[in-house]
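The values are calculated or read from the model by the stated rules, or taken from the named source; none is laboratory data. Computed from a predicted model, the values in this text were never measured in an experiment. Because the Cβ atoms are built from the backbone with ideal geometry, glycine has one as well, and the counts that use them run over all protein chains shown.
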Amino acid sequence: MEKQTMDLPAPPPGCKKRLQRLREQSPRLRNLLLVALLYAVFAVPIAGGSINRYYSGILIMICINVILTVSLNLVSGFLGQLVLGHAGFMSVGAYAAALFAMHSGLPPAVSFPLGLALGGLTAALFGFCIGVPALRLHGDYLAIITLGFGEIIRVLILAVPFTGGARGLTVKTTISRRPFAFFTWAFALAALTAFVVYAFIHSRHGRAVVAIREDEIAAEASGINTTYYKLMTFVLSAFMAGVAGGLYASHVGALTPVKFDFNYSTEILVMVVLGGMASITGSVVSATVLTVLPEVLRGFSAYRMLAYSIILILVMLFRPSGLMGERELSIEKLAGFFRARFGARRADGGKGDA
Amino acid sequence: MGFLSQIVNGLGIGSIYALVALGYSMVYGIVQLINFAHGDIIMVGAYVTYLVLVVAGAPLWVAVVASLAFCALAGVGIERLAYRRLLRKGAPRISLLITAIGVSIFLENLFQLLFTSSAKSMPNLFPGPPVSLGGLQVGRVTGITLVTAVALMALLQLLVQKSRMGKAMRAASEDTGAAKLMGINTDTVVAFTFAVGSGLAAVGAILYCGAYPLINPYMGNLLGLKAFVAAVLGGIGSIPGAMLGGFLIGVAESLTKAAGGSQITDAVVFGILILVLLLRPAGLCGKNVREKV
């Protein structure tokens with residue numbers, strides 16, 4: 001029955017091409033190898049001790065931001081709903097993971113991953129409770145309501161007794177003292193997040209999600225249960241943000257509610273927008289660049305947010321769908337691009353010789 | 001008596017929210033944009049007042065005029081530079097919203113660079129003994145705020161309902177395309193709306209400084225958010241709705257504080273918003289428009 005409804009609308013001509021492209025981009029062994037190579041490039045020096053704590057810290061922060069950006073992109077880019085409270089979900093995950101790791105009494109090797117999972121689940125629960133009412137609204141109203149919930153979460157963290165309030169919570173985990181293990185966890189989770197989002201988007205569910213973004217009314221008319229898919233995406237995204245929060249808690253070692261305010265939500269949004277709404281690799285690249293850039297430009301830290309805002313406005317004015325748009329980076333395409341250029345030049349050279 | 005004076009205090013701060021909310025509401029009514037930068041216009045207004053009043057040493061009325069003019073200009077400038085291109089192209093609303101957030105971050109950081117992030121203190125803008133309103137002793141600032149805000153809102157209502165420009169504004173908010181076909185220069189109408197909204201925000205800024213004489217580059221953030229909540233609460237696009245929403249938020253806030261919950265005031269405000277949005281998605285005075293295919 002479901003299958004029938006999915007097959008009913010005849011795809012427009014452009015759609016076929018797109019499907020073809022999607023099929024070509026299907027995950028391959030090569031991508032896995034590439035990720036492994038990327039991991040090795042950073043992990044070996046960390047294990048060998050030739051990268052100090054400062055740099056490994058930045059690498060871990062990159063992984064955390066990649067998770068946050070990719071997960072927000074799932075909702076903002078693929079589902080097309082603007083969410084301004086992502087840092088709120090992250091904070092829930094961070095506090096849940098930290099409190100669990102501190103009070104469970106389990107050995108750190110067990111309590112850390114369990115804490116991350118718990119952080120993700122708590123954030124997902126919050127996402128569910130918030131999503132059920134919030135997703136009845138859409139567009140601007142959804143943005144505002146998520147913003148409101150984000151602020152409420154922050155205020156509640158300040159008000160409840162067990163979070164340390166405004167003074168903050170000192171997180172005592174041992175994983176942060178072992179940069180190699182920590183980096184491995186962070187990298188694996190970031191890669192997993194990107195993979196899960198990629199697989200999700202290229203599944204039936206993902207097509208339904210993209211259909212909702214393109215035209216909610218048409219999607220509903222084609223038999224897609226829009227509320228169900230919206231909620232599912234929202235909860236998945238909140239879960240990932242919660243896991244990122246758990247990593248973050250161990251990384252910074254001290255949690256204060258101020259860190260998870262509206263500004264952090266916008267910063268994640270900036271990463272999504274710059275990388276391209278609905279581009280996973282775009283998100284990864286922009287999260288990396290925007291995490292490294294402030295460290296490189298330490299001397300210009302006063303101008304950082306100013307530059308961010310100008311870039312954000314310019315990108316919106318001239319490339320409203322983000323720098324990468326919907327496109328994904330891939331080795332094949334890059335290789336093809338260089339081959340085309342190089343080949344063209346060689347052909348040119350040949351002509352010149354003759 | 002204590003309860004009543006809390007209500008009046010709430011109405012005082014609420015009327016400031018209402019003034020700012022009007023700007024959100026009018027802009028949204030015409031271009032369907034949540035102008036996130038509107039809250040920061042308040043901050044700009046406060047800094048201009050500070051510059052004219054404290055640094056240049058001019059009298060209050062000069063500061064009011066300067067702040068009004070500057071904010072109106074800033075509002076028009078922002079619309080011209082950041083939004084118009086997108087509005088003309090009919091860009092998706094999410095792009096517009098992100099642009100507005102960008103403008104907001106820009107203004108905050110620009111002013112942080114110019115004036116540092118440490119708070120500047122304003123002199124007492126409205127010195128004098130408390131006034132009595134119907135037998136109730138009310139702080140002078142609260143009294144002035146209430147009277148100014150109500151007068152301005154009445155004036156605005158008059159402007160929108162009776163003037164030629166007001167008619168054009170109403171037409172544009174009903175259907176921009178049709179308004180254009182009727183020979184209305186919608187660009188001018190949009191610019192005018194931004195100017196009026198920003199001017200009201202400047203007045204709101206001065207009144208706010210009268211009550212809370214500390215200004216910093218981020219003051220517009222929460223103030224703007226709450227004003228926006230007021231606008232949504234009352235039904236965005238509706239002028240009486242913005243007033244109603246502003247008063248409601250102000251009173252709710254003041255009562256929460258009086259009940260000893262000053263820490264959770266913001267949560268209460270957003271809680272009310274969420275409740276109202278769920279029960280009446282179009283707000284208290286908003287029109288419930290069905291989405292057309």
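If you check residue B:144 against the conditions, is it within 14 Å of chain A (Cβ to nearest Cβ), in contact with a helix residue (DSSP H, G or I) (Cβ under 9 Å, 6 or more places away or on another chain) and crowded, with 19+ Cβ neighbours inside 10 Å?
On the way: within 14 Å of chain A (Cβ to nearest Cβ): no; in contact with a helix residue (DSSP H, G or I) (Cβ under 9 Å, 6 or more places away or on another chain): yes; crowded, with 19+ Cβ neighbours inside 10 Å: yes.
It is false that residue B:144 is within 14 Å of chain A (Cβ to nearest Cβ), in contact with a helix residue (DSSP H, G or I) (Cβ under 9 Å, 6 or more places away or on another chain) and crowded, with 19+ Cβ neighbours inside 10 Å.
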Checklist outcome for this item: Of the residues in region A:155-170, those that are more than 10 Å from every other protein chain (Cβ to nearest Cβ) and surrounded by fewer than 22 Cβ atoms within 10 Å (Cβ to Cβ) number 9
Next on the checklist: Take the residues in region B:87-102 that are surrounded by 23 or more Cβ atoms within 10 Å (Cβ to Cβ) and free of Cβ contacts under 8 Å to residues at least 24 places away in the same chain; name whichever of them is farthest from residue A:142 (Cα to Cα).
Outcome noted: B:102
Checklist entry - surrounded by 21 or more Cβ atoms within 10 Å (Cβ to Cβ), at pLDDT below 90 and in a helix (DSSP H, G or I) - does that describe any residue in region A:231-245? => result no
Checklist entry - If you go through region A:58-66 one residue at a time, do you hit one that is closer than 24 Å to residue A:292 by Cβ and part of a loop (DSSP other than H, G, I, E, B)? => result no
Item to check | Any chance residue B:18 is buried (at least 24 other Cβ atoms within 10 Å of the Cβ), in contact with a strand residue (DSSP E or B) (Cβ under 7 Å, 6 or more places away or on another chain) and assigned to a helix (DSSP H, G or I) | outcome: no
Checklist outcome for this item: (1) over 20 Å from residue A:152 (Cβ atoms); (2) more than 9 Å from every other protein chain (Cβ to nearest Cβ); (3) in a loop (DSSP other than H, G, I, E, B) all hold for residue B:240 apart from (3)
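Taking residue A:264, is it assigned to a helix (DSSP H, G or I), facing chain B (nearest Cβ under 10 Å) and touching a residue at least 24 places away in the same chain (Cβ under 8 Å)?
no
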Checklist entry - Which one is farthest from residue A:320 (Cα to Cα) among residues in region B:108-118 that are surrounded by 15 or more Cβ atoms within 10 Å (Cβ to Cβ) and more than 8 Å from chain A (Cβ to nearest Cβ)? => result B:115
Checklist entry - What number of residues within region A:113-149 satisfy the criterion of being surrounded by fewer than 23 Cβ atoms within 10 Å (Cβ to Cβ) and of a type in the set (Gly, Ala, Ser)? => result 2
Checklist entry - When you look at residue B:95, is it part of a helix (DSSP H, G or I) and within 14 Å of chain A (Cβ to nearest Cβ), yes or no? => result yes
Checklist entry - If you go through region A:289-306 one residue at a time, do you hit one that is closer than 21 Å to residue B:100 by Cα, within 12 Å of another protein chain (Cβ to nearest Cβ) and not aliphatic (A, V, I, L, M)? => result yes
Checklist entry - Just to be sure, is residue B:260 modelled with pLDDT of 85 or more, over 19 Å from residue B:25 (Cβ atoms), surrounded by fewer than 22 Cβ atoms within 10 Å (Cβ to Cβ) and not aromatic (Phe, Trp, Tyr)? => result no
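Within region B:183-227, restricting attention to residues that are aromatic (Phe, Trp, Tyr) and away from chain A (no Cβ under 14 Å), which residue is surrounded by the fewest Cβ atoms within 10 Å (Cβ to Cβ)?
Of everything passing the filter in region B:183-227, B:212 is surrounded by the fewest Cβ atoms within 10 Å (Cβ to Cβ).
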Checklist entry - Out of curiosity, is residue B:260 assigned to a loop (DSSP other than H, G, I, E, B), away from chain A (no Cβ under 11 Å), small (Gly, Ala, Ser) and more than 18 Å from the chain's Cα centre (by Cα)? => result yes
Item to check | Selection from region A:274-293 of residues that are under 12 Å from the mean Cα position of the chain (by Cα), among the hydrophobic types (A, V, I, L, M, F, W, C) and either outside any helix (DSSP H, G or I) or modelled with pLDDT under 85 (or both) | outcome: A:277, A:278
Checklist entry - Yes or no: residue B:110 closer than 18 Å to residue B:202 by Cβ and part of a loop (DSSP other than H, G, I, E, B)? => result no
Next on the checklist: Every residue in region B:159-185 that is within 16 Å of residue B:76 (Cα to Cα) and without any contact (Cβ under 8 Å) to a residue 24 or more places away in the chain, please.
Outcome noted: B:185
Checklist entry - Here are B:179, B:227: which of them is part of a helix (DSSP H, G or I), among the hydrophobic types (A, V, I, L, M, F, W, C) and closer than 18 Å to residue B:43 by Cβ? => result B:227
Item to check | Qualifying residue in region B:197-211 (condition: part of a helix (DSSP H, G or I) and without any contact (Cβ under 8 Å) to a residue 24 or more places away in the chain) | outcome: no
Item to check | Filter pass, residue B:39 being within 14 Å of chain A (Cβ to nearest Cβ) and within 28 Å of residue B:213 (Cα to Cα) | outcome: yes
Checklist entry - How many residues, within region B:233-255, are crowded, with 20+ Cβ neighbours inside 10 Å, among the β-branched types (Val, Ile, Thr) and modelled with pLDDT of 85 or more? => result 1
Next on the checklist: Checking residue A:152 against (1) crowded, with 20+ Cβ neighbours inside 10 Å; (2) more than 9 Å from chain B (Cβ to nearest Cβ); (3) at pLDDT 85 or above, only one condition comes out false. Which one?
Outcome noted: (2)
